[in-house]
Amino acid sequence: MSTVQSCYYKDQDKSMNPKEALNAIFMILNQILDYTKDLDEKTPSVFDHYHHHNHESDKNSLSTSCSDCSSSEADFCCELDKYDMEDFIYRCYKMLGFDSNLLILSMMNLDKLLTNKFILTSTNIHKIFFTCMMETQKYYDDESFTNKVYAKTCGISTKELLELELEFMNYIDFNIYIKDEDFFQYKRKLQSVYESSRIISNTYIQNEEDED
């Protein structure tokens, strides 16, 4: 285990598991997307679904070759835009072997991007969050993958992957590092978001039962 990642894996606070982290992250991302939903066509970037398309008829598929994908993964690789944000992130989380801490660190690196006035929309959320996940894993996890594997997981070519990687790193000034205290503070905030959503959900269920 590398020195740079050891502090996160020594975290004794086991209160937030991956499912809870994902639920909190999805809630935050959906709130952001609701806020920016009218900006989708006004903020073109290399992270948009259709950035590499040259023809109108190509708008329902990604500009990536299925030849790099196994038959079991072909549908996922070549139809990224048919997956909603939550399904896509969940599948990437499973395929890349993420734990809750890596998910939280990925979200923190996304926040760095948003701090630099990057606008998150439904047309770029898939690729941008995947890039955050990839860069976070490369930095903090000894068992990261090759670019070919990352490209296959996201459903893009390795050439496009490098383009996304460079754009992302430029936005955050090539700074992936996150301080220990910032990580634990952010984790507590995510835990609070999750607990609040669970309280709201439970209250709604109770109200429905009372009405019955």
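Nothing in this text is a laboratory measurement; each read-out follows from the coordinates by a stated rule. Given the structure is predicted, the values throughout are model-derived calculations rather than measurements. Reconstructed Cβ throughout: ideal geometry from the backbone, glycine too, with neighbour counts over all protein chains shown.
Counting only other residues whose beta carbon sits under 11 Å from that of residue 137, what net charge do I get with K and R as +1, D and E as -1?
Cβ neighbours under 11 Å give a net charge of -4.
Take peptides 161-174, 144-157, 122-135 and line them up by average Cβ neighbours within 10 Å, highest first, as a rough protection proxy.
Result, highest mean Cβ count within 10 Å first: 122-135, 144-157, 161-174.
What's the extension gain from residue 166 to residue 37 if we count 0.36 nm per residue and subtract their Cα-Cα distance? The partial results should precede the final answer.
Details: separation 129, 0.36 × 129 = 46.44 nm, distance 2.58 nm.
Result: 43.9 nm gained on full extension.
Quick one: if you stick a label point 7 Å off each Cα along the C-beta vector at residue 180 and residue 86, how many nm between them?
Taking the two extended label points, one gets 3.6 nm.
For the residue pair residue 46 and residue 28, what label-to-label distance in nm results when each label sits 7 Å from Cα along the Cα-to-beta-carbon direction?
2.5
Kindly write out, for region 97-111 in residue order, the coupling ³J(HN,Hα) from the Karplus curve 6.51 cos²θ - 1.76 cosθ + 1.60 (θ = phi - 60°), rounded to whole Hz, with x marking Gly and Pro.
Per-residue couplings from phi come out as x, 6, 10, 5, 5, 5, 4, 5, 5, 5, 5, 5, 6, 5, 4 Hz.
Which FRET efficiency value, to the nearest 0.05, do you get for residue 159 and residue 189 by plugging their Cβ-Cβ distance into 1/(1 + (r/R0)^6) with R0 = 30 Å? If you can, show how the numbers build up before the last one.
Numbers: r = 37 Å, r/R0 = 1.23.
With R0 = 30 Å, the Cβ-Cβ based efficiency is 0.20.
How charged is the neighbourhood of residue 194? Take every other residue with its Cβ under 12 Å from the Cβ of residue 194, and add Lys/Arg as +1 and Asp/Glu as -1.
Numbers: positive: 19, 187, 188, 189, 198; negative: 20, 195.
It works out to a net charge of +3.
From the phi angles alone, apply the Karplus equation (6.51, -1.76, 1.60; θ = phi - 60°) to region 151-156 and give each ³J(HN,Hα) in whole Hz, x where the residue is Gly or Pro.
Rounded to whole hertz, the list is 4, 5, 5, 7, x, 9.
Mind running the shape call on region 72-171? Use the C-alpha gyration tensor, a ≥ b ≥ c as the square roots of the eigenvalues: rounded below 1.5 for a/c, prolate if a/b tops b/c, oblate otherwise.
rounded
Take the alpha-carbon centre of region 100-114, take the same for region 115-190, and report the distance between them in whole Å.
The two parts, judged by their Cα centres, are 8 Å apart.
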